[in-house]
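The values are calculated or read from the model by the stated rules, or taken from the named source; none is laboratory data. Not measured: the values here are computed from a predicted model. Cβ sites come from the backbone with ideal geometry, for glycine too, and all protein chains shown count toward neighbours.
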Amino acid sequence: MDNLQLDFLGDLKRTHTCGDLRASDAGKRALVMGWVHRRRDLGGVIFIHLRDRYGVTQLVFHENVAPEVHARAEALGGEYVIAAEGVVEARSAETINPAIPTGEVEIAVSRIWILNESRVPPFPLEETVDVKEDVRLKYRYVDLRRPHMQRNILMRSKVSLAVREVLYGLGFLEIETPFMTKSTPEGARDFLVPSRVQHGMFYALPQSPQIFKQLLMVSGFDKYFQIVRCFRDEDLRADRQYEFTQIDLEMSFPQQETIFGVIEPLVQKVCETAGHPVPAAPFQRMSYADAIRLYGIDKPDLRLPPMTSFEFEFQGFQTPMPFVAIRIPGIGKPSRKERDELKLIAQEKSLVMFDEGSKTEAMYAAAREKSGAAADDMILVVAHTGPMRSWRPEEAFYQSCGQFRLHVGQKFAERHKLLDPHNFKFLWVVDFPMFEWDDEENRWAAAHHPFTSVHDEDLKRLTSDPGACRAKSYDLVLNGTELGSGSIRIHRKDVQAKVFAALGFSDEDARKKFGYLLEGLEYGAPPHGGIALGLDRLVMIMAGESSIREVIPFPKTARGTDLMSDCPSPANERTLRELGIKLASKV
Ligand code: ASP
């Protein structure tokens, strides 16, 4: 490596990418540039697979034809960057490589430029090699060369383009909103940016552009969208990052259906772009109440059947709740061992799972009949035991059943191919409750965010019975994952004030936090509403991945660290002084 003579790019121009050449190009001169993917040295002949993001092209170096060029090719290592020029030659029938689109040709190289060398990569780029994620993240620029990462990043770009095409086509304007803002209420912690000029003052990075997009409606830009980074300081998981990207939009004068009428074609186009079957629209709609009763969750996975509740008298068994049958189609009865395991899981969720046997024959017969089970469907009957500690006990019970249902589904999913990731079941969940009781804070909290409209007929019980109020909010759900949420907003100041009051904000609190929105509402705010979809999750599902880190070029670890740049990292004394910040403890 030490004595390697490197060449300048000079005025070299590539004529083709490494994915371009075909048999019909035989006889042409070609100049390609890329990375040495693989090198085979057969003595007098060297073969190199040259790679760029478009593909791989085979280069041949013959010692007897161009000895100097051949000698330079001998010095090349993996991932060196070169340019090579030569004549495109058709390969003989037995050397054609059907695995790559350029496999019918090769370039007989007559000139070579070595543009850069490379250290031995920290891991092989072959997809078949399993590499630990922290090593991949430390050398992300190398990891991004691997085929599935190239594919995912390409897909992400194409999906973004498709989103823009659909929304521009529908007359939306792409408008930017600030990153240095006042706190927005999406329920997570803010990331703060200290002000150098005003010590003790902070900007918050936006958890979403919520307030700005609403104010854009006040300004009359009646269809806004943005593919925008949002920042939330919450614990990271496979589908969460501190910074993530939303497809954020807002419209003036919409009905709920108007928003759905934008998102459905958008999602259809995304599926088409990603090479998946286009889902039929309109997507299914389900109320929150039904989702909880039938699936025990507000983001049902429709690939498994719903639960069935039924009343049953069983040997004096006491419960205020119905019995619930969980059905998994076509997988027969569980083994004794599986049953025992499931019983323990049920117990953890304050449920009792009944064995199917002579004593429970009638119960199981009722469950089979009520759930419309076929002979080879697996049925499990559960009921509630133990104390109810919730302000909505029925909901809590169904949620336990729903968790149990998901556990059962996942337990058998792989063996019985129950959850086909390509079977996209989109669903709108609508009519969410307006408020949730926050046990810790001992007060009502907004279930979506505090700018969400309440159903017109629930407006009168906003203060008398907040728990019963339904919101004009909706979630888009795909196979058990929430892809996005939105709502029709409050556009009147008096209604907004009532909602703040129900949430326990004093007038002064509300003014301090969102005064600029409240004031904006006083200047002719039109009725408006919108939604935001998570781009990372959408692309993750389209790419068949199970973590959003696989579709984000430079993600952070679960501890919020960027292993490549080694951040977060301490700030130097001077910077802190300028910001007026003194650390309570030394790092
Ligand atoms: N701002 C909301 C969110 O980030 C989405 C919306 O209501 O449009 O979840």
Residues being surrounded by fewer than 23 Cβ atoms within 10 Å (Cβ to Cβ) and part of a helix (DSSP H, G or I): count how many of those fall in the stretch 522-535.
-> 0
Out of (1) out of contact with any Gly (no Cβ under 8 Å at 6 or more places or on another chain); (2) among the polar types (S, T, N, Q); (3) at pLDDT below 95, the one Gln284 does not meet is (3)
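In the stretch 303-313, is there at least one residue being within 16 Å of the ligand (Cβ to nearest atom) and either at pLDDT 95 or above or more than 28 Å from Leu406 (Cα to Cα) (or both)?
No, the stretch 303-313 contains no residue that is within 16 Å of the ligand (Cβ to nearest atom) and either at pLDDT 95 or above or more than 28 Å from Leu406 (Cα to Cα) (or both).
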Quick one: which residue in Glu264, Glu338 is closer than 15 Å to Trp428 by Cβ and not hydroxyl-bearing (Ser, Thr, Tyr)?
-> Glu264
Consider Thr57 carefully, then state whether it is under 19 Å from Ala99 (Cβ atoms) and not in a strand (DSSP E or B).
-> no
Specify the residue that is farthest from Arg156 (Cα to Cα); the eligible residues are those in the stretch 239-281 that are within 12 Å of the ligand (Cβ to nearest atom) and among the acidic types (Asp, Glu).
-> Glu250
If you take the residues of the stretch 441-477 that are within 16 Å of the ligand (Cβ to nearest atom) and either free of Cβ contacts under 8 Å to residues at least 24 places away in the same chain or of a type in the set (A, V, I, L, M, F, W, C) (or both), which of them is surrounded by the fewest Cβ atoms within 10 Å (Cβ to Cβ)?
-> Ala445
Expected single match for out of contact with any helix residue (DSSP H, G or I) (no Cβ under 6 Å at 6 or more places or on another chain), in a helix (DSSP H, G or I) and buried (at least 17 other Cβ atoms within 10 Å of the Cβ) among Val135, Val159, Val142 is Val142
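Rundown of residues vs (1) away from the ligand (no atom under 16 Å from the Cβ); (2) more than 24 Å from Lys493 (Cα to Cα), yes/no style:
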position: Arg145; (1), (2): yes, yes
position: Ser157; (1), (2): yes, yes
position: Leu192; (1), (2): yes, yes
position: Gln210; (1), (2): no, no
position: Ser219; (1), (2): yes, no
position: Tyr224; (1), (2): no, no
position: Val228; (1), (2): no, yes
position: Phe231; (1), (2): no, yes
position: Arg237; (1), (2): yes, yes
Quick one: Arg549 ticks every box in (1) more than 16 Å from the ligand (Cβ to nearest atom); (2) part of a loop (DSSP other than H, G, I, E, B) bar one, so which box is it?
-> (2)
Among (1) in contact (Cβ under 8 Å) with a residue 24 or more places away in the chain; (2) loosely packed, with under 15 Cβ neighbours inside 10 Å; (3) under 30 Å from Ile581 (Cβ atoms), where does Lys182 come up short?
-> (2)
Tell me, which residue of the stretch 185-200 that is in contact (Cβ under 8 Å) with a residue 60 or more places away in the chain and part of a loop (DSSP other than H, G, I, E, B) is surrounded by the fewest Cβ atoms within 10 Å (Cβ to Cβ)?
-> Gly200
Some residue of the stretch 66-78 being assigned to a loop (DSSP other than H, G, I, E, B), within 37 Å of the chain's Cα centre (by Cα), among the small types (Gly, Ala, Ser) and over 19 Å from Gly103 (Cα atoms) = yes
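Table: residues versus (1) in contact with a Leu (Cβ under 9 Å, 6 or more places away or on another chain); (2) away from the ligand (no atom under 16 Å from the Cβ); (3) part of a helix (DSSP H, G or I); (4) within 26 Å of Leu249 (Cβ to Cβ).
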| position | (1), (2), (3), (4) |
| --- | --- |
| Phe505 | no, yes, no, no |
| Leu517 | yes, no, yes, yes |
| Leu538 | yes, no, yes, yes |
| Pro553 | yes, yes, no, yes |
| Ala558 | yes, yes, no, no |
| Ser565 | no, yes, no, no |
| Ala571 | yes, yes, no, no |
| Thr575 | no, yes, yes, no |
| Ala584 | no, yes, no, no |
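This table checks each residue for (1) aliphatic (A, V, I, L, M); (2) crowded, with 20+ Cβ neighbours inside 10 Å; (3) closer than 29 Å to Leu154 by Cα.
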{"site": "Leu4", "(1), (2), (3)": "yes, no, no"}
{"site": "Ala26", "(1), (2), (3)": "yes, no, no"}
{"site": "His37", "(1), (2), (3)": "no, no, yes"}
{"site": "Gly43", "(1), (2), (3)": "no, no, no"}
{"site": "Thr57", "(1), (2), (3)": "no, yes, yes"}
{"site": "Val65", "(1), (2), (3)": "yes, no, no"}
{"site": "Glu68", "(1), (2), (3)": "no, no, no"}
{"site": "Glu74", "(1), (2), (3)": "no, no, no"}
{"site": "Ala93", "(1), (2), (3)": "yes, no, no"}
